[in-house]
Each structure stands twice: as C-alpha cells, then as structure tokens.
Amino acid sequence: MTTNTTANAIIGAGTGATRSKDWSPRTESILRVVAPVTLGIIVLAIWQFLVTVGGVSDYLLPSPTSIMAELVAYWPAVVSATVLTGTNSLLGLLVGSLLGIILAAVAARWRIADQMSAPIIAALAVVPIVALAPVLNSMFGADSQFGRQAIAAIASFVPIFINTLRGFRQTRPVHRDLMKAYAASSGQMLRSLTLPTARPFILTGIRIASSLAVISALVAEYFGGPRGGLGSLIATSAASSAYSRAWAYVGASIALGLLFYLATLALERLVLRRVPTGGSR
Amino acid sequence: MSDQIPTTTSAAETMTGAAGADAAVEVRGLNKQFQTASGIVHALEGIDLTVEAGEFVSLIGPSGCGKSTLMRLIADLDVPTSGELTVFGKTATQARLDQDYGIAFQQAGLLPWRTVAANVALPLELHGVASAARRTRVADLLEMVGLTEFADRFPDQLSGGMQQRVAIARSLAEQPRLLLMDEPFGALDEMTREKMQTDLVRIAADTGAAVVFVTHSIPEAVFLSDRVVVMSPRPGRISDIIPMRLDAAEGREERDDDLREASSFFEMVTEVREALHGGASDGENPAPRAARGVDTR
C-alpha cells in the first residue's frame, strides 16, 4: 500500500534525521533535541572564552553576555521593532500568497496567460527584489511602510506562484476523466480536484516564501524609509559603533525568521496530517 | 431516471433487437484515428454495435484493439473521427451532460483527500443533491458493496479491491441506466476478482442497467455477459459478436459460482477463445445477428 509519500518527502526535508540502529526511538527523540542545544551551548561558551580570555577585542566581536545585556536593556525597543518588521513581513506574505495562488490558477487555466507571465515571473525570480527598495521608498514617501510590505509581497509571490502552478498541473488523467464524465463545471473542477491536488505544493510554497518575506522586509529597511524596524535599528546601531546592540537586533531578526518558518511548517504539517494527499489507485 | 428498465434481457431477445431509439448504445460505422509523431494510427475502423437497454456486453481483445478507446468514445471522453454514436438516442455529449451513464476505470481513481463516503458522494455533490438525500444514498451504496464500516476511512487505508468497490459504488451513485467499465477488476487478485464479478452481476441485475464492460479475461467476459464482442487490433475492428448461451443462467441474477464449473461455461470460453485467435467458429453460431461487426476473415 502506498502512503502519502509526496507529503512525507516534503515534510521530511525539514526533519531529515535518519534513524540509527543503535539507539531506541526514545533515546533518539531526546537526542534530536539535546544534541543541537549542546552544540549551541558549546559554541557560545567558546565564543565567550575567546572574547574574555582569548584577547579578541570586545569592540570587534561582542561577547554573548554583553549582547544579552543589550537585549535586556533595550527590550521594549527590540519588541516594538520585531512587531513592526513582523507585521510588514506578514502582510507581504499574505498578499504575496493570495496573488501567487490566484495568478497561478489563471495561468493554469489559460495557456496564454501562462505564456504571457512566464518571462515576468522569470525576471522577478532572478532580480534581487530588495534592489527595488530605494525606488519604492521614494515612490511612496519616507514615512510609509508600504514600500517594504510591497517588497515582502513580491519576494513571497514568486515561490508561491511557481509551486502552486506546478501543483495545479499534478492532477491525474483518471481524475480529469472522472470530472469530465460527471460534466463538472470549471469552478467545480477547481474546488473539487485542482485545488486539493495542489494543496501540498501551495503549502510548500508558503513555507519557502515565509523566510523570504522576513528577509526582504528586513533588508528593505536598510534603504531608507521610516525608522523603527529591526533592519533600520541594526543599521543605525552598527553605524554608531554599538555593536552589541546591533547583535541583539540581529538575534531578534533570527528569532522572527524562525518564528515565520516554524509557523508555516506547522500549518503545512497540520493540514497534510489531517488530509491525506496521495496513495489512491 | 425514475422509469424502470426490464431487468432481464436474454441473449435471444437482444440478438434480434433492431436498432430501437431506446437502445443504450447505438454505434454505426464508427472510426477513430489518432495523430501521432509517426503518422496516423487507426484505433477503430468501421465499428457497428448495438447495446440494448439492460444488456451486459463485454468488449474483449488483445492490447491495442481499441476496446478502451471505444468505451471512452461512448463516454464522450474522446471524440470519434467519423461515424454515428448515440447513447439512449442522444449524442454522446448530451448523454454525458445528462449523466446517463456511470463510469469506472481500471484505476479506482478515488480522490485521496476525501473519505470513502465523500468519494461515493462526489457525483451527487457535483449535481446538487441535497445533503440528507446524499447521506442516505451513500449509506445504501456502501452497504451494497459491503464497506459500511469503512465509510470514514481515507482511500490510502484501503486495499486495492476495496478501493475498486468504492469506485463501483460511486459509478452507481446516480442509478445510471448505463454502466461503462474499463477493466475495473484488472488489478485485483483472483479471489477478489471472482467475488467482485459475482457482485457486479447481482448489482447489474438489481438495477437493470446496461453494462459495457472492457476486459481481456475470457472467463470474466463469459461469466458476466449476455454478449461478448471480440475485437482485433491494427486497425481496431469487431471480429465477432458471440451471444452467451449459458444453460444455468436464464436471467443474470441466476449466475453464481456454480456457473463457473458448468460445462456450458467452458464451451463458451472455448468459443470466445477460438474467435479471439481467429479460429473458425462460424458454423456453430446461430445465423442472423443484427449487430454484427465487420468480418475480417
């Protein structure tokens, strides 16, 4: 009996751990958490040791403890900056997802739309989206977040569009024949067959796009616009040689990116666990 | 779809059956050509066939003889190159739009994200049957194929045979007057296959539906059918149409496992095999057959 291999393969890429014969499943699941945490602690310890004992200048490479101290000292600013950048990323991701799915549906339905959009999508995929940041910032004014949200939306649009379009093309001939035999309308076809078939692909697209949305919203802040986001605070802290504070904001950016990735991964797993995606004959 | 069709149509009756307007399927001079890279392939050539209402007809022949293509043309999944094809006196397209037939393929083709019950409900849902009526109908159908306790499972939790039974339940959902089946038991093991054949004979007799059944198993065709249509490949033609004269089976509901061991069954198997291999079986057959195919011998 075949199981939902597509879904497993997609999710499996995230976990990736292969099972060792020597350990029991219980030991192994504990190790899966303990091992990376231990590694992290060791790295932090070496870092701290190099800065305090090893003579690396604290000015060049701030120690983990001084970064922590800055993080605590500037906690309200860190939180508000994270919320601001997070909101921009989320709005961008949502708009990008909607546009990506709708336009992929259009491109899947009408071949001409696909042919017309293919070069634009290819261009969007290769152009560094943040290169648009200065342009959009001056277009929409220095006090508007719109430029950053637009950049996050464009950046997340591309992987979602490409994955969704691929998903829409995965319908099996026997299912298409069946829907034709039932004289299903094109709306019914989309609802009952095409969208559910594409679901795992759409979710993978959203997961990939989630990290891109955060990165591009953050990097876009380096190119002007209103202050207050993580990106602009990293830039200003570094410019004023407050390296520990800059590192504290970098830490918050990593946490934000992880949050987005894990949230979309959880969404993907939740949906695909409840609804099988393959394996019928 | 409320009018009842007589459940028994014996081979003798159908042999003389002139092409009435109420024939389930009426095919005249049908041709189908496919354009391929290496030139035109004649999938079907000069097909004449009548399937009466309530009649069980099997299409048998080697790979590439066009039997599946013929079924797909009847289902309006493909369009014939030339010739006439009517289903219940309508064009194939109109019959499809009117949902005059139910269909089952070699693959079960269940939607993997739908439960067994939701898969059976799919055609009812697409055609706007109210949810209460839908539930009752689905429960009845699942009981008929013996899968009541699997209603909430997903297809990937079922064996191949069970999936195929779900597909058959789905094809019967709207009580079609015509069932089109393309090797639905092809992927099943022998035990399941025989059980499904017995079930299908019973179901077809109960519902009075005409059946066009594509297979490449001779015993299967003989066991199920009122008539067996023997086809030959390149180009796909009907080489013989053999009425089944099975003593044990006056009506189809009489057919059970005893028939598989009856001598008349083996005689029919032999006759079909000889026809398939181009052997001369002319003299043995009753002379005038109304719906006779192009004779290639």
Quick one: putting +1 on the C-beta of Lys and Arg, -1 on the C-beta of Asp and Glu, what dipole do you get for segment A:63-274 around its Cα centre, in Debye to the nearest 20?
980 debye
Would you mind getting the accessible area per residue of segment B:101-175, heavy atoms of the protein chains only, 1.4 Å probe, in Å²?
36 Å²
So what J values fall out for segment B:26-39 if you push phi through Karplus, 6.51 cos²θ - 1.76 cosθ + 1.60 with θ = phi - 60°, rounded to Hz, Gly and Pro as x?
10, 10, 10, x, 7, 10, 9, 10, 10, 8, 10, 4, 8, x
Theoretical gain in end-to-end length, A:Ala69 to A:Leu267 [0.36 nm per residue, Cα-Cα removed]
67.8 nm
For peptide B:145-158, what's the mean number of Cβ atoms from other chains within 10 Å of each residue's Cβ?
2
How high is the FRET efficiency from B:Ala132 to B:Arg153, r the C-beta distance, R0 22 Å, rounded to 0.05?
0.45
In debye to the nearest 20, the charge dipole size for segment B:101-175, taken about the Cα centre with +1 at each Lys and Arg Cβ and -1 at each Asp and Glu Cβ, equals 80 debye
For segment B:130-137, just list the computed ³J(HN,Hα) in residue order, Karplus coefficients 6.51, -1.76 and 1.60, θ = phi - 60°, integers in Hz, with x standing in for Gly and Pro.
4, 5, 5, 4, 4, 4, 4, 4
Residues whose built amide H sits under 5 Å from the amide H of B:Gly83, excluding neighbours closer than 5 in sequence, are B:Asn31
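What is segment B:101-175's relative contact order, in percent, from Cα pairs under 8 angstrom and six or more apart in sequence?
That works out to 52 percent.
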Using unit Cβ charges (K, R positive; D, E negative) and no other charged atoms, how large, in debye to the nearest 20, is the dipole of the protein assembly as shown about its Cα centre?
2820 debye
Can you work out the accessible area per residue across chain A, with the rest of the protein chains kept in place, probe 1.4 Å, in square angstrom?
53 Å²
In Å², nearest 100, what accessible area do chains B and A bury in total when the solvent probe is 1.4 Å?
2500 Å²
Here the residues of segment A:142-161 lying in the modelled label zone of A:Thr87, meaning backbone nitrogen under 12 Å from a point 7 Å along Cα-to-Cβ, are A:145-146
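Hey, which of these cross-link pairs are over 27 Å Cα-Cα: A:Lys180/B:Lys195; B:Lys32/B:Lys195; B:Lys67/B:Lys90?
Long pairs (Cα-Cα over 27 Å): A:Lys180/B:Lys195; B:Lys32/B:Lys195.
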Given a 1.4 angstrom probe, I'd like the percentage of the accessible area of segment B:101-175 that is carbon and sulfur, rounded to a whole number.
49 percent
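Peptide B:72-79: average number of partner chain Cβ atoms within 10 Å per residue?
Mean number of neighbouring Cβ atoms from other chains: 2.
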Name the long-range amide H neighbours of B:Val214: under 5 Å, sequence gap of 5 or more, or other chain; modelled H, no Pro or chain starts.
B:Leu59, B:Met181, B:Asp182, B:Glu183
Out of the DSSP beta bridges found with both residues in the protein assembly as shown, what percent are antiparallel (nearest 5)?
55 percent
Compute the accessible area of each residue in segment A:164-185 twice, once for its chain alone and once with every protein chain present, using a 1.4 Å probe on heavy atoms, and list those whose area falls by at least 40 Å².
A:Val174, A:His175, A:Asp177, A:Leu178, A:Lys180, A:Ala181, A:Tyr182, A:Ala183
Shielding by other protein chains, B:112-122, mean Cβ within 10 Å
4
Please give the FRET efficiency for A:Ile41 paired with A:Gln170, using the beta carbon to beta carbon distance and R0 = 60 Å, rounded to the nearest 0.05.
0.85
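I need the calculated FRET efficiency for the pair A:Ser185 and A:Ser80, taking r as the beta carbon distance and R₀ as 51 Å, to the nearest 0.05.
Details: r = 50 Å, r/R0 = 0.97.
The pair A:Ser185/A:Ser80 has a calculated efficiency of 0.55.
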Determine the principal axes of the Cα atoms in segment B:101-175, then give the extent along each, sorted from largest to smallest and rounded to whole angstroms.
30, 25, 23
Which of B:Val212, A:Ile112, B:Ala187 sits closest to the plus end of the dipole of the protein assembly as shown, meaning its Cα is farthest towards the positive end, when Lys and Arg get +1 and Asp and Glu get -1 on the C-beta?
A:Ile112
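Order the peptides A:203-216, B:24-37 from the highest to the lowest mean number of other Cβ atoms within 10 Å of their residues.
Values: A:203-216: 25.6, B:24-37: 17.1.
Peptide ranking by packing, descending: A:203-216, B:24-37.
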For the modelled label position 7 Å from the Cα of B:Thr93 along Cα-to-Cβ, which residues of segment B:63-77 have backbone nitrogen atoms closer than 14 Å?
B:76-77
How many percent of the accessible area of segment A:80-165 is carbon or sulfur, using a 1.4 Å probe?
79 percent
Calculate, axis by axis, the spread of Cα positions in the protein assembly as shown along the three principal axes, and write the results as whole Å, longest axis first.
107, 57, 50
Could you run the Karplus curve 6.51 cos²θ - 1.76 cosθ + 1.60 with θ = phi - 60° over segment A:80-93 and give me ³J(HN,Hα) per residue in whole Hz, x for Gly and Pro?
5, 5, 5, 5, 4, 5, x, 5, 4, 5, 5, 4, x, 5
Going 7 Å from the Cα of A:Ala122 toward and past its Cβ, which residues in segment A:87-109 have a backbone nitrogen under 19 Å from where you end up?
A:104, A:107-108
Kirkwood hydrodynamic radius for chain A: how many Å is it when counted over pairs of different Cα atoms?
21.7 Å
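The values are calculated or read from the model by the stated rules, or taken from the named source; none is laboratory data. Owing to the predicted nature of the structure, the values given are computational and were not obtained by experimental measurement. Cβ coordinates were reconstructed from backbone atoms using ideal geometry, including for glycine residues, and neighbour counts include every protein chain displayed. The area values use the complete protein model at the heavy-atom level, side chains included, leaving out ligands, DNA and RNA. Shrake-Rupley method; radii C 1.70, N 1.55, O 1.52, S 1.80 Å.
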